[in-house]
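Q: Structure provided below as structure tokens; questions to follow.
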């Protein structure tokens with residue numbers, strides 16, 4: 001197994017990022033990750049000296065040998081272990097869904113005890129998930145805090161142990177990086193942050209000789225299509241269209257019939273509402289795709 005230290009991080013995905021290590025399809029990789037704030041907040045007063053250039057670090061990247069443009073990288077999530085007995089959540093004036101609730105910048109330290117995040121003595125069972133996971137994009141540069149077709153900061157709580165993340169490959173080698181683990185997060189991540197924690201993430205990588213347009217998450221029972229765009233209406237429309245197109249192809253039916261079928265079996269929801277590109281997820285039961 002290859003291991004990558006939390007000292008090897010990137011702050012943007014671009015077509016020219018250089019790998020830290022190379023692995024073959026089928027190999028297992030362990031990533032040490034910093035929290036989304038770069039480990040800068042040890043107490044609630046540290047927000048006053050936060051360096052925003054060190055926010056949203058992603059560990060990596062990893063080059064997958066033989067991975068070619070137009071194929072799909074499959075990342076099977078084997079383990080996500082929280083590496084601290086506390087997390088942090090932040091909120092800032094002008095950010096999040098409710099932009100005027102907070103004045104200034106506020107942080108709250110959240111103890112993690114006996115498998116729960118403790119918020120004012122409210123115990124919330126942890127459900128560790130990966131906020132940032134992506135590959136080198138086709139063109140341009142995307143900060144690690146922004147999601148698009150390459151993946152990135154999709155903040156989708158289904159990206160967790162037992163899931164397989166499918167990412168379109170735009171550059172040979174794919175160049176996988178990940179980070180921004182949350183101990184727990186609700187759909188929407190409404191205040192712009194979840195319970196941010198350092199973690200150790202173990203994955204198995206593979207390559208499929210198929211082409212996809214948008215990232216997908218595969219759980220035991222469902223497929224989620226993840227679309228991240230600047231306007232939520234655009235993201236809903238594109239996620240719905242991608243789901244309808246997939247149904248049309250898999251069931252060999254006209255697109256208008258697949259559209260009607262989608263209205264019966266596709267659940268369209270929100271992953272996050274707070275990053276520069278907003279992420280929508282369209283869920284289809286795998287039983288309907290067989």
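The values are calculated or read from the model by the stated rules, or taken from the named source; none is laboratory data. For clarity, every value in this text was computed on a predicted model and none was experimentally measured. Cβ: placed from backbone, ideal geometry, glycine included. Neighbour counts: every protein chain shown.
Q: Are any residues in region 99-116 free of Cβ contacts under 8 Å to residues at least 12 places away in the same chain and in a strand (DSSP E or B), and if so, which ones?
A: Listed by number, the list holds a single entry, 116.
Q: Given the condition within 17 Å of the chain's Cα centre (by Cα) and surrounded by fewer than 18 Cβ atoms within 10 Å (Cβ to Cβ), answer yes or no: does some residue in region 254-265 qualify?
A: The answer is no; no qualifying residue exists.
Q: May I pose another question? With the structure loaded, tell me whether residue 90 is crowded, with 20+ Cβ neighbours inside 10 Å, in contact with a strand residue (DSSP E or B) (Cβ under 9 Å, 6 or more places away or on another chain) and closer than 21 Å to residue 278 by Cα or whether it fails that test.
A: yes
Q: Sticking with this structure for a sec: Evaluate the following for residue 211: is it in contact with a strand residue (DSSP E or B) (Cβ under 9 Å, 6 or more places away or on another chain), closer than 30 Å to residue 110 by Cβ and either part of a strand (DSSP E or B) or modelled with pLDDT of 95 or more (or both)?
A: no
Q: Hey, another quick one. For residue 96, only one of the following conditions fails: (1) closer than 26 Å to residue 236 by Cβ; (2) under 16 Å from the mean Cα position of the chain (by Cα); (3) in contact (Cβ under 8 Å) with a residue 60 or more places away in the chain. What is its number?
A: Looking at each condition in turn, residue 96 falls short on (2).
Residue by residue, here is whether (1) farther than 23 Å from residue 159 by Cα; (2) free of Cβ contacts under 8 Å to residues at least 60 places away in the same chain; (3) outside any helix (DSSP H, G or I) holds:
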| residue | (1), (2), (3) |
| --- | --- |
| 228 | no, no, yes |
| 239 | no, yes, no |
| 243 | no, yes, no |
| 246 | no, yes, no |
| 276 | no, no, yes |
| 287 | no, no, no |
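Q: Going by the structure shown, is residue 217 in the same structural domain as residue 96 (by TED's automatic domain parsing), under 17 Å from residue 130 (Cα atoms) and either touching a residue at least 12 places away in the same chain (Cβ under 8 Å) or over 19 Å from the mean Cα position of the chain (by Cα) (or both)?
A: So residue 217 fails the test.
Q: Could you check region 261-274 and list, in sequence order, the residues that are in contact with a helix residue (DSSP H, G or I) (Cβ under 9 Å, 6 or more places away or on another chain) and part of a helix (DSSP H, G or I)?
A: Passing the criteria: 261, 262, 265.
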